[in-house]
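FYI, it's all coordinate maths here, none of it is from the lab. As the structure is a computational prediction, the values presented were derived from the model and not from experiment. Positions of Cβ are generated from backbone atoms using ideal geometry, with glycine treated the same way; all protein chains shown enter the neighbour counts.
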Amino acid sequence: MTKFLIINGTMVTAERSFRGDIAIDKGKIISTGDLFPAAFSGFDVIDATHKLVLPGGIDPHVHLSLPTPAGNSSDDFISGSIAALAGGTTTIIDFVTPLRGQSLIEALNLRRKEAESASCNLALHVGISEWNDRVAKEVVQCIRGEGIRSFKAYLAYRETIGISTEQLRQLMEVVAREGALVMVHCEDGEMISFLQMGFLHEGKCSPAYHPLSRPPIAEINAIRGIIGLSEQTGCPVYIVHTSTADGAGLILAAKEKGLKVYGETCPQYLLLDDSVYSAQHSPWNILPFMMSPPIRKKDDAERLWKGLSDGTFDVVATDHCPFNLHGQKDLGINNFTKIPHGAGGIEHRLSLLYTYGVLKGKITINRFVDLVSTRPAEIFGWGGRKGKLLPGYDADVVIWDPDHVGTISVHNHLSQCDSEIYEGFHFQGKADTVIIGGKIH
């Protein structure tokens, strides 16, 4: 493992920015500050003049090789982790999605084996696809014996992986007793199923009806209910991919009340608006943006941006889950309920947030680091190891070139997906050198 001395860079943490040097040995940061190269014999020197030095990005919400009836999501652990590293993300957290009737432990072990091909740091959340006495016992076993600290529940997708509100309450009671965390996909599944069936019955089957079947109120009601369950059970909850202004408001109010509620949003909800579903677009042009929750209005995006600076949100993740248009999303072009949901973004998260957040004055550079690295590390149990540039922390370090400019395209992204929701987006700022555990990747 190589020893590195990074000199002349501007170190950026969640608290401050300062010119400094950083020494790395045996996979750890061993020293920071005004260091003298002569004192570090045998270290490879990296000159970071005019560059920023950041803790490695942590994306706690990705779905690589996610199995669906349309096939696995198009990025596997190899391509997805390569894209993550290129974008400055050194750690990802993916999901175990057990089949109903399958042991959580069995599903966890199989997913761990599958994830061994990843080239970045990787951890797993465990999804809860059903609820009964066996699952309740296995949740405890996952926490005590397998080191799992977070569990994912869906209020949508009741026919496959979703659970009821009462089942979720029982899950939260178990998790609260064990000191762990529940993540929730907040959409009212019953409302969505009712709307979907109504549209199909009326012959309204095109992709344009996807967002209409998942209205803002479906998210808002679910978030309100989850916050109530958190207050009732004392269980910390992490609300994923918030897309609505009112949902953001509920999260902030819960935080101000002192509840253990964490908020996440994603670049697609900050940077896109519902014009992507316009009737003037052909179904093929709408397909890339089929995700749940769907893209919302510009007013929602503005409130989400505000939420990055006012404390509403703790994390900007990606929910990276791309599917190819040809052979996957097009399977439901005449029935929007059969289209697999999801899009990519793991490669672009930091550049987009830096370009359209930091450089436009919507967030500070320190808040940027907090949202993409420090807070996710703290929330998911790595507060003493990752997300900061301190001696003793893992040497997951990104040297950031603030002057690099480029344009995102399906022709140059590293994802294996045949479409790109950020097609044509210009960006400034990119990972120049990425170090994981003391190794350059």
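Values computed for the structure shown
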{"quantity": "Computed helical MRE - 222 nm, the chain, DSSP H runs ≥ 4 contributing -39500 (n - 2.57), nearest 500", "calculated": "-8500 deg cm²/dmol"}
{"quantity": "Relative contact order of the chain, pairs being alpha-carbon contacts under 8 Å that are 6 or more residues apart, as %", "calculated": "21"}
{"quantity": "Neighbour-limited loop hits for trypsin sites (Lys or Arg not before Pro), the stretch 1-80 (at most 14 other Cβ within 10 Å; DSSP other than H, G, I, E, B)", "calculated": "R16, K26"}
{"quantity": "Rounded to 5, percent antiparallel among DSSP beta bridges of the chain", "calculated": "45"}
{"quantity": "Backbone HN-Hα couplings from phi across the stretch 280-286 [Karplus 6.51/-1.76/1.60, Hz, Gly and Pro as x]", "calculated": "6, 7, 6, x, 5, 6, 7"}
{"quantity": "Charge tally in the Cβ shell below 12 Å around P294, where Lys, Arg are +1 and Asp, Glu are -1, P294 excluded", "calculated": "-2"}
{"quantity": "Segment K28-T2, length gained on full extension (0.36 nm per residue, minus Cα span)", "calculated": "8.3 nm"}
{"quantity": "Calculated from backbone phi, Karplus (6.51, -1.76, 1.60) coupling profile of the stretch 228-243 in Hz, x at Gly/Pro", "calculated": "x, 5, 5, 5, 5, 9, x, 8, x, 10, 10, 8, 7, 5, 5, 10"}
{"quantity": "Principal axis dimensions, the stretch 1-124 - Cα atoms, whole angstrom, descending", "calculated": "60, 24, 24"}
{"quantity": "Surface/4 of the Cα convex hull for the stretch 296-340, nm²", "calculated": "4.5"}
{"quantity": "Those GluC sites (Glu not before Pro) in the stretch 177-275 that DSSP places in a loop and that have at most 11 other beta carbons within 10 Å", "calculated": "E202"}
{"quantity": "Amide hydrogen neighbours beyond the local backbone of T433, cut-off 5 Å, H modeled", "calculated": "I399"}
{"quantity": "Residue with peak Gaussian network fluctuation, the chain [Cα springs, cutoff 10 Å], from G87, G361, G383", "calculated": "G361"}
{"quantity": "Choice from T13, T355, T160 with maximal GNM fluctuation in the chain (Cα, 10 Å cutoff)", "calculated": "T160"}
{"quantity": "Long-range Cα-Cα pairs in the chain (distance over 31 Å), rounded percent", "calculated": "38"}
{"quantity": "Positive-pole candidate from P293, F151, I223, dipole of the stretch 55-379, charges at beta carbon", "calculated": "I223"}
{"quantity": "Tilt relative to the chain, helix 133-146 - C-alpha long axis, 0 to 90 degrees, to 10", "calculated": "0"}
{"quantity": "Inter-part distance where the stretch 22-89 and the stretch 344-397 are each reduced to a Cα centre, Å", "calculated": "11"}
{"quantity": "From phi via Karplus (6.51, -1.76, 1.60), per-residue ³J(HN,Hα) for the stretch 63-75 in Hz, x at Gly/Pro", "calculated": "10, 9, 6, 6, x, 9, x, 8, x, 5, 3, 6, 9"}
{"quantity": "Highest-MSF residue in the chain out of G179, G57, G127 [GNM, Cα springs under 10 Å]", "calculated": "G179"}
{"quantity": "On Cα atoms only, tilt of 165-178 relative to the major axis of the chain in degrees", "calculated": "30"}
